[in-house]
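Report on one structure; see the data block that follows.
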Amino acid sequence: MKSTTRRTLAAVVTGVAAAVGAAASPAAAARAVPVPVPLGGAETALGMELPEVAGELPVPTPGAPEGPRYVEGRLLPERTLPQLPVSGGLPGVDLRQPLPQVLGDGFDHAAVDAPAAELRTLAPGLSLDAPLSAPGGGGFGLPTAKLPQVGVLTPMVQTVPTADLGVGRGL
């Protein structure tokens with residue numbers, strides 16, 4: 001293959017990779033996907049005011065687990081099965097319900113706004129140790145017997161959900 005053909009092919013591949021990376025960036029950067037709920041047709045068919053509803057669905061993103069680490073005096077590393085972190089969110093909702101005024105022809109509204117809340121989780125992990133000690137200087141360098149150790153690394157869920165409830169004038 002000629003060098004000019006290779007250069008042209010490299011430029012095309014680089015351009016395609018840049019275009020794919022630029023197109024994927026906004027989708028990957030989104031924390032939540034908006035979900036509108038169309039009720040306009042039902043309002044027309046029923047001849048009445050229906051609530052306005054919109055939601056948000058979170059996009060979970062896995063993180064990089066902390067790998068096993070060596071601890072002096074153990075044959076197996078600590079965190080034999082590492083914990084996997086996953087970030088995401090709780091679904092959000094925005095709801096506005098029209099309320100007819102008791103005196104008059106107008107409408108007021110009651111609203112609930114609960115935005116998508118950030119959610120961080122950590123899957124359970126496992127830490128094991130063999131029933132043998134590490135080889136030492138005594139005993140001709142042979143390991144000695146000991147009780148095996150098993151530990152479960154506890155999972156974690158962390159979030160701070162918020163919501164606003166309000167009543168106001170107009171729709």
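Summary of computed values
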{"item": "Quarter of Cα convex hull surface for the range 89-129, i.e. mean projection, nm²", "result": "4.0 nm²"}
{"item": "Cα-Cα P(r), the range 41-165, percent of pairs per 5 Å interval", "result": "2, 9, 11, 11, 9, 8, 7, 7, 6, 5, 5, 4, 4, 3, 3, 2, 1, 1, 0, 0"}
{"item": "Under 5 Å, built H, 5+ apart or other chain: amide partners of LEU132", "result": "LYS146"}
{"item": "Loop-located chymotrypsin sites (Phe, Trp or Tyr not before Pro) in the range 61-143 whose Cβ has at most 14 other Cβ within 10 Å (DSSP)", "result": "TYR70"}
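Each value in this text was obtained by applying a stated rule to the coordinates, not by laboratory testing. Computed from a predicted structure; not experimentally measured. Reconstructed Cβ throughout: ideal geometry from the backbone, glycine too, with neighbour counts over all protein chains shown.
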